[in-house]
Amino acid sequence: MLLATAEGATNTQVATRLGLDRETVRIWRLRWQEGAERLGAAEAQADDKTLRTMIEATLSDKPRPGTPATFTPEQLCQLMAVACESPQDADRPVTRWTPRELADEVCKRGIVERISPRTVGRFLKRSGHPTASVPVLAQQ
């Protein structure tokens, strides 16, 4: 992204080429430009290790507001793996997972201490899992 902008491509051109949002390209381009002077000064004075650390800090995501994630990526992967199993294999009396059944099962297996059916439904919806399209009445 930064190399393309340095070659003169516009934010829109880079976003289109890389499949990103134009605003994302704008933010990263601005972040790099803001650090350029500091990095230029460090390049003349700092050793390679220090310069590398400064570049990595410039290119790292900034902390985001809000509460930390409740579930680890590993837990979410395990939840999705369970969702891909047949509910009958887990002795569940349903033919398709519902968010409630899935929440109960991942708690039973010790994957998470607790999780609401609504949270399970949101994860499934984001992933495009077919269980996410189960009508609300069927989930209750």
If I filter the range 56-74 down to residues being in contact with a Leu (Cβ under 9 Å, 6 or more places away or on another chain) and part of a helix (DSSP H, G or I), which single residue comes out as surrounded by the fewest Cβ atoms within 10 Å (Cβ to Cβ)? L59
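Looking at the range 118-133 only, could you name the residues that are crowded, with 16+ Cβ neighbours inside 10 Å and in a helix (DSSP H, G or I)?
T119, V120, G121, F123, L124, T131, A132
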Of everything in the range 1-54 that's exposed (fewer than 12 other Cβ atoms within 10 Å of the Cβ) and part of a loop (DSSP other than H, G, I, E, B), which residue is farthest from the chain's Cα centre (by Cα)? D47
Do we find that L76 is of a type outside the set (S, T, Y), more than 30 Å from N11 (Cβ to Cβ), out of contact with any Lys or Arg (no Cβ under 6 Å at 6 or more places or on another chain) and modelled with pLDDT under 95 in this structure? yes
Considering every residue within the range 75-89, establish whether at least one is among the small types (G, A, S) and crowded, with 16+ Cβ neighbours inside 10 Å. yes
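The values are calculated or read from the model by the stated rules, or taken from the named source; none is laboratory data. This structure is a prediction, so every number in the text was calculated from the model and none was measured. Cβ atoms come from the backbone with ideal geometry, glycine included; neighbour counts cover every protein chain shown.
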